[in-house]
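Read the structure below first, then the notes.
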Amino acid sequence: PLADSSLGNFAGNIVLGTPTDTYIKANIFNTTQNGFVSIRYGTNPGQYTMQTEKKAIQANQPVELSLTGLRADTQYYYRLDFQSSNGVGSGPSIEYSFQSARSPGQSFTFALQGDSHPERERSQFDGALYTRTLQTVANDRPDFYVMLGDDFSVDTLDPKTINAAQVTERYTIQRPYLGIIGPRTPIFLVNGNHEQAARFNLNGTP
């Protein structure tokens, strides 16, 4: 999918994860820009009383920012601030929001998927249909989203020549899609057999 224009001139995406009642993490990633990122956040729209530390970000290197001091079962609003190393493209994103973990006994919603296989373009994967599916999920605003595996498939890579760059490429394919739901709904990842998690792939060596 196209870059998220709501992120201003930051040509990357945000994926939330590891949500609890007191903190949540934001994974920031892009493939072209270097600079610094931070997040301002608070419990009222447009009013940000807290801020993460500012971290350097490099192209193709994900950065995690921790949003701490949260209250349980509370809606939070935030903006990503990006400062590019060359001064071009700096500025804040639009305002996003997320829900901290519900209190015990409170109802919640979740959604899940499996076997998206974005590396199988033109055979078993339709990018437009997958985008529409994730946009539907984003509109539903579930408390969290579970990916059950085979979403970062590496099993078609030749085990005799496989390298880190090839594996990274498989994960990078998925990031723009996860950027559709990730800024508002935290994601949990489960490795599937196509991520080589099947026991028969293990032989006791690293």
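The values are calculated or read from the model by the stated rules, or taken from the named source; none is laboratory data. All figures in this text were calculated on a predicted structure; none of them were measured in a lab. Every residue, glycine among them, receives a Cβ derived from its backbone with ideal geometry; neighbour counts consider all protein chains shown. Quick note on the areas: whole protein, heavy atoms, side chains included, nothing else; ligands and nucleic acids left out. Shrake-Rupley method; radii C 1.70, N 1.55, O 1.52, S 1.80 Å.
Looking only at residues of segment 96-125 that are in contact with a helix residue (DSSP H, G or I) (Cβ under 9 Å, 6 or more places away or on another chain) and charged (D, E, K, R), we find that the one that is least open to solvent (accessible area, probe 1.4 Å) is GLU119. Scanning segment 7-24 for residues that are open to solvent by 10 Å² or more (accessible area, probe 1.4 Å), closer than 28 Å to THR74 by Cα and either acidic (Asp, Glu) or modelled with pLDDT under 90 (or both) yields GLY8, ASP21. Considering only residues in segment 160-171 that are among the β-branched types (Val, Ile, Thr) and surrounded by fewer than 15 Cβ atoms within 10 Å (Cβ to Cβ), the one that is nearest to PHE125 (Cα to Cα) turns out to be THR168. Of the residues that make up segment 138-148, is at least one touching a strand residue (DSSP E or B) at 6+ places or on another chain (Cβ under 8 Å), more than 25 Å from GLN33 (Cα to Cα) and without any contact (Cβ under 8 Å) to a residue 40 or more places away in the chain? Checked against the condition, which is being touching a strand residue (DSSP E or B) at 6+ places or on another chain (Cβ under 8 Å), more than 25 Å from GLN33 (Cα to Cα) and without any contact (Cβ under 8 Å) to a residue 40 or more places away in the chain, segment 138-148 yields at least one hit.
Please work out if LEU157 is touching a helix residue (DSSP H, G or I) at 6+ places or on another chain (Cβ under 7 Å), outside any strand (DSSP E or B) and surrounded by 14 or more Cβ atoms within 10 Å (Cβ to Cβ).
So LEU157 passes the test.
Going by the structure shown, is PHE110 modelled with pLDDT of 95 or more and not basic (Lys, Arg)? Yes, satisfied. Within segment 179-206, the only residue that satisfies the criterion of being touching a Ser or Thr at 6+ places or on another chain (Cβ under 8 Å) and among the hydrophobic types (A, V, I, L, M, F, W, C) is ILE180. Filtering segment 52-71 to residues that are open to solvent by less than 60 Å² (accessible area, probe 1.4 Å) and modelled with pLDDT under 95 leaves only ALA59. For segment 172-181, the condition of being part of a loop (DSSP other than H, G, I, E, B) and either acidic (Asp, Glu) or in contact (Cβ under 8 Å) with a residue 40 or more places away in the chain (or both) holds for none of the residues. Residue pairs whose Cβ atoms lie under 9 Å apart, separated by 6 or more positions or on different chains, with the first residue in segment 74-92 and part of a loop (DSSP other than H, G, I, E, B) and the second β-branched (Val, Ile, Thr) and open to solvent by less than 70 Å² (accessible area, probe 1.4 Å), are THR74/THR43.
Pairs linking a residue in segment 184-206 that is touching a residue at least 24 places away in the same chain (Cβ under 8 Å) and farther than 30 Å from LEU67 by Cβ to a residue that is of a type in the set (Asp, Glu) and open to solvent by less than 30 Å² (accessible area, probe 1.4 Å), with Cβ atoms under 9 Å and 6 or more positions apart or on different chains, are ASN193/ASP150; HIS194/ASP150; HIS194/ASP151.
Consider segment 131-149 and keep the residues that are not in a helix (DSSP H, G or I) and not small (Gly, Ala, Ser). The one that is farthest from ALA198 (Cα to Cα) is ARG141. If the condition is being in a loop (DSSP other than H, G, I, E, B) and surrounded by 18 or more Cβ atoms within 10 Å (Cβ to Cβ), then segment 25-45 contributes only GLN33.
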